[in-house]
Amino acid sequence: MLDVLARNWWAFALRGVLAILFGIFAFIYPGATLFALIIVFGAYALVDGVFLIVAAVRAAQAHERWGQLLIAGIFGILIAAVTWFYPGLTALSLLYVIAIWAIVTGILEIVAAFRLRAMITNEWWWVLAGLVSIAFGVALFMRPSAGALAVIWVIGIYAIAFGIFLLGLAWRLRGLAHTQTPAAAS
C-alpha cells in the first residue's frame, strides 16, 4: 500500500490544492457557492429522474417490470422541483448529507493512516485530515440553524485545512517515492 501511495503522491497534492482553491472560492463567493451546490444537486435529480422515466417506458415496451423505475423517476423530478422552488430546505438537507459524508470520510482516513503507521513516519498528517473531517461533520449536526452562509464559510475553512494536511501527506509520500530503490518500487 505504501508503495502505491508513494508513487501517486501527486494525487494527494492535487486533491490538497483543489481543496484549498475551493475553500478560497467559498470565502470570496459564499452565496454563489451555496447556490451552485443547490443547482448542481437539482440538475442531477432532474436528469436522473428523466433517465429513470425513459428506462421505465423502455421496460414497459419490453413487457418488463417498470413501476419502480417510473416512481423513482417521478420522485427525482419532484426533488428537483423542491430543490429549485425551496432552496432553503435543500440547503438544510444538503448540510446533513455533507455532515454524514465528512464523518464517514474522516473515519476512513484515520483507519488508513493507522494502517500506514508501521510503514511510514508522520502519518499523523492523514490522521489530522481525518479528525478535521469528523469535527466538521459533528459541528454541522450540532448547529444546523446557524445559517447556510455560515456553513459555506465552515466548508471553506474545512477545505483549506484539509487541503493543507493533504499537501503535508503528499510531501511526505513524495520524499518516500524518491528514496525507494527500484527493487522496492516494483
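We did not get these values from a lab; they are worked out from the coordinates using the rules stated. Since the structure is predicted, the reported quantities are computational estimates derived from the model, not experimental observations. Every residue, glycine as well, gets a Cβ built from its backbone with ideal geometry; the counts of neighbours run over all protein chains shown.
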Completion exercise
Residue by residue through the stretch 51-63, the couplings from Karplus 6.51 cos²θ - 1.76 cosθ + 1.60 with θ = phi - 60°, in Hz, x for Gly and Pro, are 5, 5, 5, 4, 4, 5, 4, 5, 5, 5, 5, 8, 6
Exercise for the section: Within 10 Å of each residue's Cβ, count the other Cβ atoms and sort Leu169, Leu2, Leu95 from fewest upward. Expected result: Leu2, Leu95, Leu169
Fill in the blank from the handout: Between the Cα axis of helix 67-85 and the main Cα principal axis of the chain, the angle (0 to 90°, nearest 10) is 80
